[in-house]
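Step one of this worksheet: look at the structure below.
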Amino acid sequence: MHWDVVWNNMEYFLLGQYPDGPVGGLALSILLAIGGIFFAFWIGLVFGLMRLSKRWYVRIPSIIYIEIIRGTPLLLLIFWFYFLAPILLKRPMPEARSTLAAFSVFTGAYVAEIVRAGIQSIPRGQMEAARSSGLTYFQGMASVVLPQALRNMIPSFVNQFVSLTKDTSLAFIIGVLELTRAATQVNNRTMNAPAEIFITIAVIYFIICFGLTQTSRYLEKKLSYKTSGKIRREQIELLEDSFETPK
Amino acid sequence: MNYEFNWMAVLTGEYRDWIIQGLMVTLKISAISIVLSLLLGTIVTTLRMTKIRVVEWICLSYIEFFRNTPLLVQIFFWYFGSYVILPEAVNQWLYAHDYEFAIGVVSLTVYTAAFIAEEIRSGIISIPKEQMESSRATGLSFIQSMSFVVLPQAFRIVIPTLISQFLNLIKNSSLVMTIGVMDLTYMTRQIESYSFRGFEAFTVATLLYIAISLIVSFAITVYNRKYLRMIKY
């Protein structure tokens, strides 16, 4: 085993050529993931609200967007942006930026579904009460329904962020120098430690994603206790215990 | 925009054959991986239910590790690292046959099985405990009561989520192009670099993927309407 290869290149895996060149490696992966989820949130919010509209000419475009994106592999979407954006914009687009656009559009469709489910989980009476107290639809949405819905959506958002973090590895394919690309570069250069390199990369991804998954589980538990009008899970368990037949 | 569309370039002759070949490879690798990952996922879940600490711990760490690492890294790991992990004879056999395809199947299977195991587990948990207890009481062994009583019921509940996992698998199978399996995405990329007909080739490929996933999600809806209502406790 040649673990020294891994240790010698650790800085390259984590930061790329950073002090002397552009940011790369893990730092770029995380930047792509954070940027992607930020834009995806706004795209998803808009399309999720459009999806719930009563007007068909607002709802149908949103359904088409969501279904097309959810049916397409992310890899193809990355190619779409990489090869076709320069033709449409008539100027070259840096790889990192075009993948960021692909990630945002891709994740946006999934976030739209989360937003839809989150809003539907809020009782209709909330909106009706807001409307009858004189707020407009948008005011009611922004200050009554969404604040409640967004809180319920937090765990799903974190899960989506985890899968986006994993998906940033696909930026490899068009030559963005993120963690996976850095690993294949080092692997092609050294040739003698492929298993060690890819195990290390997998562990780096694992630490981040597992940490986030655990956070989302914790949040899910914590937030589900807060939901009003429902008996806490603990109380249900206590009830069940007390009904068990004596031994 | 001065781009001349030429759909016939992609829909006839050699390029059409490439797309069809690629589609066949995608369907083949997906079908094999679906069957294998279902098997592996079921085995892992069953092992996790045995209540033996060590076995449970191994299964859990398998599930958590493979769920939380990118598929692409796993593909590279199997592709470049297989000679370290697998025995020499297996490697020689793989090199002699379709090495890339086999690695594609292995990585897709192992990745998807980790997700499927969790889905099946949630199905098993939703089956009342008494089912297991009463079948054990009638004299069936753990494996027997699992395979004749609990799993058949659990599968019926989780089929819709399983199908959406299969859908993800079909989309994820596009990643095997990175190690040179000539699937639909690989062929599309190749047409792009041979003919610069990127728009047409990517459109056709995207439509094919969407068609597959629409057919499958239509099947889920029909299934939900027809069968899921009948399950009542």
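Peptide A:164-172 is shielded by partner chain Cβ atoms: per residue, an average of 4 of them sit within 10 Å of its Cβ. Of all the options A:Gly35, A:Gly134, A:Gly24, the one that moves most in a Gaussian network model of chain A with Cα springs shorter than 10 angstrom is A:Gly134. In the elastic network of chain A, a GNM with C-alpha springs shorter than 10 Å, the most mobile of A:Ser132, A:Ser163, A:Ser98 is A:Ser132.
Please average, across the residues of A:76-83, the number of beta carbons from any other chain that are within 10 Å of each residue's own beta carbon, and give a whole number. Each step should come with its number before you reach the end.
On the way: counts 12, 2, 0, 10, 6, 0, 1, 7.
Taking the mean over all residues of the peptide, I get 5.
Segment A:161-190 and segment A:1-30 have their alpha-carbon centroids 11 Å apart. Binning the alpha carbon pair distances of the protein assembly as shown at 20 angstrom intervals from zero yields the distribution 19, 54, 25, 2, 0, expressed in whole percent. Which helices count as membrane-span-like in chain B under these terms: full DSSP H, at least 20 Å along the axis by C-alpha, Kyte-Doolittle mean of -0.5 or more? Helix filter hits for chain B: B:13-48, B:53-67, B:99-126, B:151-172, B:198-226. The base-10 log of I(q)/I(0) for segment B:83-155, evaluated at q = 0.13, 0.21, 0.26 Å⁻¹, reads -0.61, -0.84, -1.11 [Debye formula, identical scatterers on Cα atoms, solvent excluded].
Counting only other residues whose beta carbon sits under 15 Å from that of B:Glu56, what net charge do I get with K and R as +1, D and E as -1? Computed value for this residue: +2. Is segment A:166-209 rounded, prolate or oblate when judged by the Cα gyration tensor, a ≥ b ≥ c being the square roots of its eigenvalues, rounded requiring a/c under 1.5 and prolate requiring a/b larger than b/c? Verdict is oblate for segment A:166-209. In this simple spin-label approximation, B:Phe155 and A:Thr136 carry label points 7 Å from Cα along the Cα→Cβ vector, and these lie 5.6 nm apart.
Relative protection proxy for B:132-139, A:66-73, A:210-217, from highest mean packing down: A:66-73, A:210-217, B:132-139 (other beta-carbon atoms within 10 angstrom).
Ordered by the number of other Cβ atoms lying within 10 Å of each residue's own Cβ, fewest first, A:Thr180, B:Thr42 fall into the sequence B:Thr42, A:Thr180.
Can you count the Lys pairs in segment B:7-230 whose Cα atoms are under 27 Å apart, with each pair 8 or more apart or on different chains?
Lysine pairs, 8 or more places apart or on different chains, close enough: 4.
To the nearest 500 deg cm²/dmol, what mean residue ellipticity at 222 nm is calculated for the protein assembly as shown from DSSP H runs of n ≥ 4 alone, each contributing -39,500 (n - 2.57), summed and divided by the residues?
On the way: 24 runs with 366 residues, N = 480.
The helix contribution divided over the protein assembly as shown gives -25000 deg cm²/dmol.
Springs between Cα atoms under 10 Å define the GNM used for chain B, and in it the highest mean-square fluctuation of B:Glu56, B:Glu119, B:Glu100 occurs at B:Glu56.
Separation of segment B:142-217 from segment A:63-131 is 20 Å, based on Cα centroids. Amide H to amide H distances under 5 Å link A:Gly16 with A:Gly24, A:Gly25, A:Leu26, where only residues 5 or more positions off or on other chains count and H is placed in the peptide plane.
Please give the average number of partner chain Cβ atoms lying within 10 Å of the Cβ of each residue in A:198-211, rounded to a whole number. If you can, show how the numbers build up before the last one.
Details: counts 10, 5, 1, 6, 9, 3, 2, 6, 8, 2, 2, 6, 5, 1.
Mean number of neighbouring Cβ atoms from other chains: 5.
In terms of its alpha-carbon gyration tensor, segment A:3-242 comes out oblate; a/c meets the 1.5 threshold, while b/c is at least as large as a/b.
Rounded, prolate or oblate for segment B:7-230? Axes are the square roots of the Cα gyration tensor eigenvalues, ordered a ≥ b ≥ c, and the cut-off for rounded is a/c under 1.5. List each step's numbers first, then the result.
Details: a/c = 3.02, a/b = 1.59, b/c = 1.90.
Oblate.
Bear in mind these aren't lab numbers, they're just calculated from the coordinates by the rules spelled out. Quick caveat, the model's predicted, so the values are computed rather than measured. Don't worry about glycine lacking a Cβ; one is built from the backbone with ideal geometry, like all the others, and counts go over all protein chains shown.
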